[in-house]
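The values are calculated or read from the model by the stated rules, or taken from the named source; none is laboratory data. Values in this document were obtained by computation on a predicted structure and should not be read as measured data. So basically every Cβ, Gly included, is an ideal-geometry build from the backbone, and we count neighbours across all protein chains shown. Side chains are part of the model used for accessible areas, which takes the heavy atoms of the whole protein and leaves out ligands, DNA and RNA. Shrake-Rupley method; radii C 1.70, N 1.55, O 1.52, S 1.80 Å.
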Amino acid sequence: MFRSRNNQNLFILTIASEKGGVGKTTIATNLAVYLKALYDDLAVTILSFDNHFSVDNMFAIGPSPPFAVNDLLANRTADEVAVLGQYGVQYIPSEKALRTPSHSTAWLGERLHNVGLNGVLVLDTKPILDWHTEAALMAADLIISPVKDRASLNNVVKIKNVLNRVGGSKRLWLLPSLVDKQSKIDISSSVSRHLVSTARSCNYQVLDIQISRSPKVESLSSGSSHKIHPVLIKARNTLVHAQLKQLAEFTYQHYQSSCHMANVSRLFQQNVEIKNVPSERCRRISVCCPVCSNSSLHEKGHYFYNLRTQHKGLLHADCLERLLQEFCLEIQFEKVHLIALVFDGPGILSSGGDITLHFFSRKANLLQSQRLPLTKQKTMLKLIENISGAQIDTLYREFLLLKINPTSISKQLSDTKYEEFCHFRRKALKELCAAGYY
């Protein structure tokens, strides 16, 4: 789903779970504090679509502001509604009763990108899949869903179904939360390990971070006072302090990647004319070759596509040749139409990662697969990092597609070639799944 953005530097983080009691609001509010504390120049704003006023109780200073969430969704700008609160975090005052806008849920993303916000916007949601929760999911650049047991994991299916409708399920990350490390399923397996294993077997992206259960942290919002204190101030001696810091760093990395791709997309729009191409196809295009980092969109090249992030662009012909020369491949390239590169990172493997190349014919038949050792694969690793926008040691699983036949970007994004590539991509994935490779 394409969102028209007047402000390209707004990054929306949604914290969502259909099950209550998983630490969703605690994570949302504290993550806002940690982001601001770690990255002082970063604008951080938070709003809640729930009516428990936890956001206000943590960040409010002084008398009640005149405007709140309903006003932001109506016609007020961020300058009118957003209030600078405690710890340098802006907040949008909460509502006792939210009004549902007379728009589709896809409208919220465009609205939020046109109210004058920048930096990171944290959206806390209700534990139900109502209009506001669904809209927050569709608007998000990153979604973190806390899970603590089988029931909360099962509920994630509904969130994923919403995202599948707009092709955004790769934005979803599961965060083990409030799982007691001492709890065991049996003598050899903990609840935490079993939960993560089950989630990954269902093809969910799961963070390597876990938010531990802590009586000290729970007490911060259960006292007689309405005031809620952040972990950073009142519970720095707990494991949760280090875990929230890691979560903030993970979020900031995604924010930086998003800003980088937004900047190159603007540069792309300014310098490359694409006639009769729908605007949603022009999102997340890199103007540079991911191997040599030089401009590649003004000439023919090899089209690449990242299935997780939807980043795309062209690879120079000589860069591809250099890439393929790094390893010996016993295959007739005149029969190869597309290469699928699967990188299983340290989130899956205990080692540094694993690369497998899968070669497909023009009819999307799997011709051959070859596993590559990571040693001496500097160019390949650079390619993966540049296309994914993240360091190798932070990657979980990357799936990159690379066309062998050179083309221009305008031709590749034309109706015929774009639909042909989408059809080919689906067939290639089915082939790999059937063969047990993905």
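Placing a pseudo-label 7 Å from each Cα along the Cα-to-Cβ vector at residue 378 and residue 110 gives an inter-label distance of 4.8 nm.
Once the C-beta distance of residue 335 and residue 198 is scaled by a Förster radius of 56 Å, the resulting FRET efficiency is 0.90 to the nearest 0.05. With R₀ set to 35 Å, the beta-carbon distance separating residue 370 from residue 238 gives a calculated FRET efficiency near 0.15.
Under 5 Å between amide hydrogens, built in the peptide plane, is the criterion, and for residue 68 it picks out nothing among residues at least 5 positions away or on other chains. Using the rule -39500 (n - 2.57) for each DSSP H run of four or more residues, divided by the residues of the chain, the 222 nm mean residue ellipticity is -11000 deg cm²/dmol.
Straight-distance candidates among the aspartates and glutamates for linking to residue 216, with alpha-carbon spacing under 20 Å and chain neighbours fewer than 8 residues away dropped: 180. Could you tell me what percent of the accessible area of the chain is made up of carbon and sulfur, with a 1.4 Å probe and every protein chain present? Exposed carbon and sulfur together represent 48 percent of the surface.
Full extension of the chain between residue 226 and residue 393 yields a length gain of 55.9 nm, computed as 0.36 nm times the residue separation minus the alpha carbon distance. Within the straight-line cut-off of under 16 Å between alpha carbons, the aspartates and glutamates reachable from residue 96 are 50, 56, 71, 124, 130, sequence neighbours fewer than 8 places apart in one chain being disregarded. Restricting attention to the range 1-158, close to 10% of DSSP beta bridges with both partner residues there are antiparallel. The value of relative contact order for the chain, using C-alpha pairs under 8 Å at least six residues apart, is 14 percent. Cross-link check: pairs 245/427; 126/427; 170/300 evaluated at a Cα-Cα cut-off of 32 Å; pairs beyond the cut-off: 245/427; 126/427. Summing Cβ point charges (Lys, Arg +1; Asp, Glu -1) relative to the Cα centre of the chain gives a dipole of roughly 700 debye. For the chain, the per residue solvent-accessible surface stands at 45 Å², with DNA, RNA and ligands left out and a 1.4 Å probe. What you get for the range 89-225, charging only the Cβ of Lys and Arg (+1) and of Asp and Glu (-1), is a dipole of about 260 debye around the Cα centre. Taking 7 Å steps out from each Cα toward its Cβ at residue 79 and residue 363 produces label points 6.3 nm apart.
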